[in-house]
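A short worksheet on the structure shown next.
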Amino acid sequence: MTKVSPIILILALMVGTAAPAGADSACEDPLGCVEVPHGDPVAVGAMLVVSGAVNYLGEDTLGGVELALLDREYTLLNHEIELVLEDSLCTAEGGQTAAQRLAADPTIVGAIGTNCSSAAQGAIPIISESGLLMIAPSNTSPSLTNSDIGAGGSHLPGYFRTSQNGLIEGMRTAEFAKHVLKAKTLATIHDGDPYTSGLSQAVAETFADLDGGVVFQGAVNKGDTDMSSILTEIAVHQPDVIYVPLFEPEANFFAAQMQYIAGLEDTTIIGGAASFSSGFPENTGEAAIGIYVSGPLVSGDAYDRLLAQWLDEYGSDPPSGYHAHAYDATNLLLNAVEAVALVNEDGSLLIGRQAMRDAVAATEGYPGLTGRLTCREDSPFAGDCSPGTALAMFQITEAEVYDDNWPPPVVWNFATDSFEDARPARA
């Protein structure tokens with residue numbers, strides 16, 4: 001895919017079928033309205049990481065957004081579609097800046113993003129206060145849909161996501177370690193990010209509930225390159241499994257250096273979806289062989305068509321696993337616009353902001369690529385729309401390290417495989 005450098009990406013535009021016209025209307029929405037004059041585009045925001053070490057996440061998501069717009073021939077209610085892209089990086093500061101820019105634009109009807117949970121924490125207060133909504137395709141931190149602020153939650157009105165809640169991924173990962181790998185002891189690592197810390201805690205709590213021994217819970221810093229100290233600490237406990245949901249490049253350094261630490265020769269790494277990228281095995285090298293990585297698993301005829309379209313448009317396979325979630329998020333947003341927009345006699349649109357939020361929140365059983373989406377309102381799942389079924393455990397092989405194969409083979413499908421009488425996955 002061609003890298004996107006401009007802040008604003010204006011998509012090629014085509015004309016579609018007009019929506020039924022009505023009398024001119026006044027805005028009665030409590031949060032105000034987006035007014036789209038006749039001949040002006042409908043502006044959709046995107047807060048994605050398009051620079052830095054994890055820009056593959058933004059590239060993957062942007063492709064899903066673009067293909068959803070392509071399916072609509074880049075039009076909505078007889079208006080052109082304009083995609084306004086902001087780099088949210090993978091930090092709270094980046095998310096805050098991206099959200100401020102979109103919130104300052106009165107033409108934005110809603111936003112797709114962010115990629116990283118840390119960026120979402122920076123963006124959510126601004127998006128919520130401005131009356132906008134955001135639909136995140138790859139946030140998984142449990143705190144983001146927990147509206148109990150006093151208990152560490154950060155959910156506010158206007159935040160939704162099509163990615164699975166980390167509580168689900170953490171639970172399934174711990175079950176895999178205990179029942180499939182037959183692990184008795186577990187260590188976890190995080191880097192202080194809400195994504196990595198939330199998942200590590202969820203894995204540790206579930207593993208303990210399964211009568212497993214959580215022998216070590218530690219942290220590294222973003223930017224660390226020498227992992228020998230933390231690895232030596234872990235080696236004292238000789239855990240059967242280390243759960244490592246770190247991003248690149250820290251995940252690469254951790255895995256590559258672990259092979260040289262005495263006491264960890266028989267320890268297995270399980271990585272999170274942050275390592276579910278085609279670059280992880282290549283950048284880690286031989287040490288990546290045998291590592292388990294949890295990540296999205298999407299299938300079906302509609303998804304196969306999306307992959308074929310991706311290859312035709314971009315000439316390669318998607319670099320990560322959340323493009324289908326981005327496709328679904330884009331359709332939820334555009335469906336909401338179609339559902340609530342008032343079309344005046346001259347073709348201009350009046351789009352209520354609270355009406356947009358209500359329309360997305362009312363989503364029930366939507367047949368997305370990633371499953372039937374139903375948006376919840378109960379904390380700690382407020383804004384969660386994913387059924388959490390499009391998830392699997394993969395294992396990296398020599399083909400991913402040396403032959404550019406991607407994705408790696410599935411060793412456990414959390415939606416269909418039973419943990420009862422499970423045999424250990426192949427090494």
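The values are calculated or read from the model by the stated rules, or taken from the named source; none is laboratory data. On a predicted model such as this, the values are computed, not experimentally measured, just so you know. We place every Cβ from the backbone using ideal geometry, glycine too, and count neighbours over all the protein chains shown.
Of the residues contained in the stretch 258-281, none is found to be farther than 30 Å from I230 by Cα and either in contact (Cβ under 8 Å) with a residue 24 or more places away in the chain or crowded, with 22+ Cβ neighbours inside 10 Å (or both).
Exactly one residue out of S138, S147 is assigned by TED's automatic domain parsing to the domain that holds T330 and more than 19 Å from the chain's Cα centre (by Cα): that is S147.
Any idea which of A18, A104, A43 is under 18 Å from N335 (Cα atoms), at pLDDT 95 or above and either assigned by TED's automatic domain parsing to the domain that holds P194 or of a type in the set (G, A, S) (or both)?
Working: A18 fails: at pLDDT 95 or above; A104 fails: under 18 Å from N335 (Cα atoms).
Only one candidate passes the filter, namely A43.
Just one residue in the set D346, D404, D384, D378 is surrounded by 20 or more Cβ atoms within 10 Å (Cβ to Cβ) and of a type in the set (D, E); that residue is D384.
Looking only at residues in the stretch 173-196 that are hydroxyl-bearing (S, T, Y) and out of contact with any Ser or Thr (no Cβ under 8 Å at 6 or more places or on another chain), the one that is surrounded by the most Cβ atoms within 10 Å (Cβ to Cβ) is T196. A single entry from F276, F216, F254, F247 fulfils the requirement of being of a type in the set (A, V, I, L, M, F, W, C), assigned by TED's automatic domain parsing to the domain that holds V180, within 30 Å of E59 (Cα to Cα) and touching a Pro at 6+ places or on another chain (Cβ under 9 Å): F276.
Report the residue count in the stretch 206-257 for those that are in a helix (DSSP H, G or I), surrounded by 16 or more Cβ atoms within 10 Å (Cβ to Cβ) and free of Cβ contacts under 8 Å to residues at least 60 places away in the same chain.
Here is the first cut: in the stretch 206-257, the residues in a helix (DSSP H, G or I) are 206-209, 228-235, 250-257.
From the residues that got through so far, the ones that are surrounded by 16 or more Cβ atoms within 10 Å (Cβ to Cβ) too are 206-207, 230-231, 234-235, 250-257.
Next, only the ones that are free of Cβ contacts under 8 Å to residues at least 60 places away in the same chain stay: 206-207, 230-231, 234-235, 250-253, 255-257.
Residues in the stretch 206-257 being in a helix (DSSP H, G or I), surrounded by 16 or more Cβ atoms within 10 Å (Cβ to Cβ) and free of Cβ contacts under 8 Å to residues at least 60 places away in the same chain: 13 in total.
Please find, among L132, L156, the residue that is in contact with a Gly (Cβ under 7 Å, 6 or more places away or on another chain) and either over 17 Å from G198 (Cα atoms) or in a helix (DSSP H, G or I) (or both). Reasoning before the result, please.
Working: L156 fails: in contact with a Gly (Cβ under 7 Å, 6 or more places away or on another chain).
The unique qualifying residue is L132.
Of the residues making up the stretch 310-334, those that are under 25 Å from V360 (Cβ atoms) and in a helix (DSSP H, G or I) number 12. The residue that is nearest to A174 (Cα to Cα), among those in the stretch 389-407 that are touching a residue at least 12 places away in the same chain (Cβ under 8 Å) and out of contact with any strand residue (DSSP E or B) (no Cβ under 8 Å at 6 or more places or on another chain), is T397.
Do we have K182 as of a type outside the set (G, A, S) and either out of contact with any Pro (no Cβ under 8 Å at 6 or more places or on another chain) or part of a helix (DSSP H, G or I) (or both) here? Against the criterion (of a type outside the set (G, A, S) and either out of contact with any Pro (no Cβ under 8 Å at 6 or more places or on another chain) or part of a helix (DSSP H, G or I) (or both)), K182 does not qualify.
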